[in-house]
1. Sum up the charges of everything whose Cβ sits under 10 Å from the Cβ of B:E25, counting Lys and Arg as +1 and Asp and Glu as -1, but leave B:E25 out.
2. In the protein assembly as shown, what % of DSSP beta bridges are antiparallel (nearest 5)?
3. Please turn the phi angles of segment B:105-121 into ³J(HN,Hα) values with the Karplus equation 6.51 cos²θ - 1.76 cosθ + 1.60 (θ = phi - 60°), one per residue in order, whole Hz, x for glycine and proline.
4. For segment B:459-491 and segment A:346-378, what is the separation of their Cα centres, given in Å?
5. Please give the Cα centre distance for segment A:229-255 versus segment A:105-153, rounded to the nearest Å.
6. Taking amide hydrogens as modeled 1.01 Å from N in the peptide plane, which residues meet the under 5 Å criterion relative to B:T119, leaving out close sequence neighbours?
7. Which value, in debye to the nearest 20, gives the size of the charge dipole of segment A:168-259 about its Cα centre, when Lys and Arg are +1 and Asp and Glu are -1 at the Cβ?
8. In whole Hz and in residue order, list the ³J(HN,Hα) couplings for segment A:365-370 that follow from phi through the Karplus curve 6.51 cos²θ - 1.76 cosθ + 1.60, θ = phi - 60°; x for Gly and Pro.
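FYI, it's all coordinate maths here, none of it is from the lab. Nothing here was measured: the structure is a model prediction, and the numbers come from that model. So basically every Cβ, Gly included, is an ideal-geometry build from the backbone, and we count neighbours across all protein chains shown.
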2 protein chains.
Amino acid sequence: MKKILIIGGSAAGPKAAAKARRCDETAEITLVQKGGDLSMASCGYPYYVGGVFDNRNMLLATPTGAIRDPDFFRKVKNIEALTHTEALEINRDKKEVLCKDLNTLETFVKTYDKLILATGASPRVPNVEGIDLEGISTLLSMSDADYLRKIRDEKKIKRAVVIGGGLIGIETCEALQLAGIEVTIVEMLPQLLTFLDPEPAALVQNHIQSKSVHVITENGVKAFLGKDGKLTAVKLQNGTELPCELAVLSVGVTPNSTLAKQAGLNVGKRGGVLVNKYMQTSDPDIYAVGDCIEVPNRITNESIHAPFGDLANLEGRVAGENAATENRKTFSGTIQTGICKIFEFSAGATGLSEKSARQQGFENIETVINASPDCPVFMGGKLLVSKLLVEKDSRRILGYQCVGPGDVSKQLATAAMAITGNLTVDDVANADLPYAPPFSLAIDHFIASAHIMQNKLEGTMAGISCEEVHQNSCKKQNLFLLDVRSPAEFEEMRLGIGEVLIPLGALRTRLSDLPQDKDTPIVCYCKISLRGYEASLIVKAAGYTNVRVMEGGIMAWSYPREK
Amino acid sequence: MKKILIIGGSAAGPKAAAKARRCDETAEITLVQKGGDLSMASCGYPYYVGGVFDNRNMLLATPTGAIRDPDFFRKVKNIEALTHTEALEINRDKKEVLCKDLNTLETFVKTYDKLILATGASPRVPNVEGIDLEGISTLLSMSDADYLRKIRDEKKIKRAVVIGGGLIGIETCEALQLAGIEVTIVEMLPQLLTFLDPEPAALVQNHIQSKSVHVITENGVKAFLGKDGKLTAVKLQNGTELPCELAVLSVGVTPNSTLAKQAGLNVGKRGGVLVNKYMQTSDPDIYAVGDCIEVPNRITNESIHAPFGDLANLEGRVAGENAATENRKTFSGTIQTGICKIFEFSAGATGLSEKSARQQGFENIETVINASPDCPVFMGGKLLVSKLLVEKDSRRILGYQCVGPGDVSKQLATAAMAITGNLTVDDVANADLPYAPPFSLAIDHFIASAHIMQNKLEGTMAGISCEEVHQNSCKKQNLFLLDVRSPAEFEEMRLGIGEVLIPLGALRTRLSDLPQDKDTPIVCYCKISLRGYEASLIVKAAGYTNVRVMEGGIMAWSYPREK
């Protein structure tokens, strides 16, 4: 009878255990979990804290309401789940793990034929003054969720600072704001959600700020200030003090690989346990899964730390099957797909960002920003703004980012599959996606992005980013900015940075209103820059040599506007 | 100066014209349209009729509200759009088209360098008694939409019969029901939405019936009965008379290819104009696009008629560019992706159905039904029921159908991309899709479908459809039906066809409650058959030789239940 031992009971561990059981009804399967809870839906914590639902058990229950406690694991899965039990040491020669019952403090030994490490990750905690004050938390464990939910329910705390503007920071920010707390979010880098490029991230930031959340970038925590052991303020590196009674740290996590390291298993540069495609560590009888490992980025082959719940489940499934049988399943890595909801916006990315692509040495790349609604205006279409990244020579899609109030999730799922299939921009340009007015435009947003990219790659469209237009306008450079919308639209909303309005329908008869010098740089745009593109073609045909389109139009403009 | 002439002004025609203009600012581009409207959002008609929006102009306007009339085309696109103008005859030798102004009845000739046919399709109209009565309509033209919208607004008509249960019939059915009309839908075949296989179609039918719509299948129209020239009833082929004041025909469309045929262009078996990948007809100076053509199914290479708005736009774009420049763009055909909304359900398919695959000679195929929510229960997850089709040897995804109240559209878009990329079930099993609780389960529904398919292909799961279980139970065959849910779930909802309840958590200790004969056919299931699958593994491990899982569980059961 095969003995399979799993260390870690959050996501990847229970998944591996359950899959192992499905592959071998007779194996002895034991799961060791340090905490008291098992199989927690940890990605759901922010929604419990924010009051999207009130029943804590929903985080611990199956869809039909059965709590996944040791009794459930024993009866339903025939898995022995030892909670409040810490794995202290792995003896690879003897194939045993020294464990400690955290209630009785007694130690004992569990032997294994196959061992699966699912030891997770721990929050990074800055080593600054005041870090031990009451009122400082993370949102990564069930007890964190309980702590913050209690704060919501007690309604005593008025001000909070969220430190770190990544996925969890953003979700925490929304949860606390929904709890009626005034929130400031502090990010060390110049933008929130650093998996996004700056332009889409700026649009998300605008939305967050429109919800009365204070956003501070390029600043970090210098110290936590307190009184009587309780947090009273966060002091930033620039000296600013933010009075608050609560601070939530979300500055990332590091893989819990100490146990593996001590056992002599190979660990990567990012601190994660190294595994092969079968999820085997450098010891073939030991597998590792979830937030404690590194996995390859499928596009770059770089070994990265990708602590995402969906990957943890997929990895757990592969390791569970391989540990119980032969190595018959593989896991091919990540394309780093991620998404989050923030108030009425969704924001996410799949594949590489332009930033990460350049860091990885991709130089011959092209990007395009597209803004359009997710379905027709008459069906209540909501805006999507996306950025598509392709490799110029192969025309292969490398990455896609999307933000906005529209159906971002579908866009990203579609793009993730396109990247998985190594599709080119031309494949996407002719994709046959599900169309009906409640669901999409006749030409879906993602397909339209591919169309615009074709135009750029083939030289019929030259783009300029809103960022560059903004920089140029600040420097008062000699750009002729041509807004081609209608006078009514111009009256309602406009940049107000010196642009000239010539409605597209009048442009062919008003070419004399353009600068006489045909080499003047001209930038055409409209609300989303579809008309802007048409205008650019008219202007080019009139002999102008330096005509560009402001990509995404006013909808992609993240800077202040006159109106 | 190149002369580009386009015949047809609904979707593909205007798209081709606009794209041609973008590729050539100086060409003379003329568009001939028989009716008075241009560039109608015809897929939006049902939503206008149903009152989702009230402003008719939204069907004819750009997203910013400009009506796409001849004046718009002239000013904005520099395209001469001749409405109320019929193209009577193509003279290919002279490269000219004889046109007729339907207002003045004068004929005139337009010459072309390149001609693009976008003549659309016409509704099939059954040749039965009473077809000319007042009160019989289709929903394919702007005037149809006006007619039916007036009926909604006048609130005089109480009962309607929709003839044909395809996409448009279903959408019309919802629109009329939203207009307060009692609706009966009549379909000649045994199921609605025949692009779906019977099981998902039956779930859609149940939902439609739950909305008090009467559904009659396997029956057609024998005659329309009337009084004083007005419709009073629809008489069916089985003699049933359905009293009504309105009948809407939606029994499909046929390509308008007469003009092409008369000009000697090649026309296919389905009656559509034949084109190559450049959208060229058998005359290289004549292109054809939209509902009047046939296109290849990319999976089978069969030439089919696929009158979908999204394809029309993609085809128009390709033809417009190729007509204006060289043949530099191609269109690769369709995978027949389609979707519709019907009350709280969405339903759609991409790739092949099992039915169509078998008709096309695919024999070595496997299917699986999956039922699960689109996102976690604690986020208000809604059910999806899907059917995945793969080729056994290559493990390539051939098709995917999905129905239910959940986010079907994302599922189909994801699957459509997977099919486009020729992905296998194993590629999908490890896909890195956007996960966060507001958007999906940690293991997305589509990925889970791939996992179940792997289990089936590898022999760890044997499936049986609800249909087969139902047939067997009707015949009182010797199936041991094992429901492994909890007693509380069983109390709340159950099939009541002789099943035995043994909750999964008790199954290992109650194996003696199973039939003594280890060859007894046993069918395990639960609400969605995840626990059913686990149960099947336990039962098999106990030595039973004929154990299957009812795919999709009770959620995929479309037959009456005891509770």
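1. +2
2. 55 percent
3. 6, 7, 9, 7, 10, 10, 8, 8, 8, 10, 10, 10, 8, 9, 7, x, 9
4. Between the Cα centre of segment B:459-491 and that of segment A:346-378, the gap is 47 Å.
5. Taking the Cα centre of segment A:105-153 as reference, the centre of segment A:229-255 is 18 Å away.
6. Result for B:T119 returns B:V289, B:C292.
7. Details: 5 positive and 10 negative charges, 62 e Å.
The dipole magnitude comes to about 300 debye.
8. Listing the rounded values in order: 10, 9, 10, 8, 9, 10 Hz.
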